[in-house]
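The values are calculated or read from the model by the stated rules, or taken from the named source; none is laboratory data. Bear in mind that the values here come from a model prediction, so they are computed numbers and not experimental data. Cβ placement follows ideal geometry from the backbone for every residue including glycine, while neighbour counts extend to all protein chains displayed.
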Amino acid sequence: MYETTYHKPGTLQEAVSLFSEVEEAAYLSGGHTLIPTMKGRLAAPAHLIDVRRIPELSGITVGPDRIIIGAATTHATVAASEKIRALIPSLCGLAGSIGDVQVRHVGTIGGSVANNDPAADYPSAVLALDATLHTDRRSIPASEYFDGLYTTTLEPGEILVRIEFKVPEIAGYAKFRNPASRYALAAAFVARHRDGNIHVAITGAGNAGVFRWTEAEEALQARFEPDAVKGLLPDENDLMGDMHAPADYRANLVGVVTRRAVENLGGILIE
Amino acid sequence: MSKVAITVNGTLHTKEVEDRTLLVQFLRDHLGLTGTHVGCDTTQCGACTVIVDGKAVKSCTILAASIEGASVSTVEGLADGEKLHDVQAAFHEHHGLQCGFCTPGMIMASVNMIERHDGVLDEATVRHELEGNLCRCTGYHNIIKAVLSAAEKHRTAHAVAAE
Ligand SMILES: Cc1cc2nc3c(=O)[nH]c(=O)nc-3n(C[C@H](O)[C@H](O)[C@H](O)COP(=O)(O)OP(=O)(O)OC[C@H]3O[C@@H](n4cnc5c(N)ncnc54)[C@H](O)[C@@H]3O)c2cc1C
Ligand code: FES
Ligand code: FES
């Protein structure tokens, strides 16, 4: 890892000003993506601005139809939150399925959603639960936030502050993991919203990252049962093919995990 | 460079270190506590697991400067003189190690797991909670036996204490 200068601002304003004043800065949250990247010298920020002491980035607020999670909240905290479990149990289950105990103790929702790894778990919940991403300067609807592999519409220096999820009528999450990395090879977050709309978000499989699978949404809109998506597969030209799994295999997995998510509404199924 | 003050196994240590110093380097290179191992240096293996403010973490992926003021437990802090900690004794008794390289991380993850669950653990939970700790020797079965037996001991001790 190259040398770097570490900063721990106590306010949002201080963090944003610091970012604009110094050259080659990066925000640091749990560091469980950024530090390994720096060790591999794939990133070499001259300044690290730790966002974890900024008060606006912590805490979980729950309303009747909204759950708002501070960006610096760890996966373990979300997994253990009784307030969230009462409204969206599959979101707790998703958080509890990320990496391992040690990773969940440190990694944060904001870091994961800012990083937008195509195999990360949270982006699927953000899309399926029609979340709003609140930053230091604006609010971005989920549909306008993800912008391809490891890319989002966050501007340089923009801080993700809170993520606001819509509480659905019911939701389910199913994931098929790569046995070595334990990241998703394919995972589906399925939610039926209170207005009757059904959202299906797929992670792990898309060649442009997380995506809404509209054909499955239409099929489930007509009949909200696991069998409604039987035989339905996404176009494999839109999927990743790599040494872990070719695109046609991933297409099949997308069908499997979507059906399993519908079979496990109110919970999760991880394999 | 930053001045970093961290309490390790009950003793406060203040050191002037480079900002890029990882917690595991702080422990091994600056404090000479080489019980904490570096297996992969890529956040995969868990050999570097220590407990920071009550949570098991991978010390190869945490900047020392970022935990200024925290309290850290490492494997060196477990035994009471010649008397092994219950989890260490259980690993010994159940042959939960062969080469021993993964053991400090396994033990710290297990100590933390038993504390967080008040010793109420079953085999499936222990296996799930040890997903972040890799062992290339034992095949895990004896590690699981050791953790379950130490958890049982913890439950009994606490039940007695509560009476
Ligand atoms: C062994 C291992 C296994 C893992 N398994 C999984 C898994 O199964 N599923 C999964 O989804 N993830 C997994 N992860 C990733 C983990 O969830 C990371 O914690 C997460 O992706 C990044 O969060 P972080 O808080 O560590 O962010 P950091 O590493 O601190 O930051 C990541 C990126 O986001 C930026 N950033 C951070 N916070 C903000 C903010 N508030 N505003 C703007 N930009 C910000 C940083 O500048 C950086 O570019 C795994 C990681 C490891 C090490
Ligand atoms: S050395 Fe830290 S996880 Fe392997
Ligand atoms: S005992 Fe050798 S790696 Fe676990």
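List of remarks:
- From the options A:Ala180, A:Ala228, A:Ala187, residue that is in a strand (DSSP E or B) and either more than 16 Å from ligand 3 (Cβ to nearest atom) or out of contact with any Cys (no Cβ under 9 Å at 6 or more places or on another chain) (or both): A:Ala187
- Scanning segment A:28-53 for residues that are more than 9 Å from every other protein chain (Cβ to nearest Cβ) and free of Cβ contacts under 8 Å to residues at least 60 places away in the same chain yields a count of 10.
- Among (1) farther than 20 Å from B:Thr42 by Cα; (2) small (Gly, Ala, Ser); (3) within 16 Å of ligand 3 (Cβ to nearest atom) - the single one B:Ala159 does not satisfy: (3)
- A:Lys166 fulfils the conditions (1) more than 9 Å from ligand 1 (Cβ to nearest atom); (2) without any contact (Cβ under 8 Å) to a residue 60 or more places away in the chain except for a single criterion, (2).
- In the condition set (1) under 12 Å from the mean Cα position of the chain (by Cα); (2) on the phi < 0 side of the Ramachandran plot, B:Leu31 is compliant with all but (1).
- Put simply, of A:Val167, A:Val210 the only residue that is modelled with pLDDT of 95 or more and either touching a Pro at 6+ places or on another chain (Cβ under 6 Å) or polar (S, T, N, Q) (or both) is A:Val210.
- Conditions (1) within 16 Å of ligand 3 (Cβ to nearest atom); (2) surrounded by 12 or more Cβ atoms within 10 Å (Cβ to Cβ); (3) not in a helix (DSSP H, G or I): number failed by B:Gly119: (1)
- Scan segment A:80-133 for residues that are within 16 Å of ligand 2 (Cβ to nearest atom) and free of Cβ contacts under 8 Å to residues at least 12 places away in the same chain and the total you get is 1.
- A:Ile163 vs. criteria within 14 Å of the chain's Cα centre (by Cα) and surrounded by 21 or more Cβ atoms within 10 Å (Cβ to Cβ): yes
- Options B:Gly96, B:Gly105: the member that is touching a Gly at 6+ places or on another chain (Cβ under 6 Å), in contact (Cβ under 8 Å) with a residue 12 or more places away in the chain and surrounded by 24 or more Cβ atoms within 10 Å (Cβ to Cβ): B:Gly105
- Residue ranges of strands (runs of 3 or more DSSP E) in segment A:41-92 with at least 2 members buried (at least 22 other Cβ atoms within 10 Å of the Cβ): A:47-50, A:66-70
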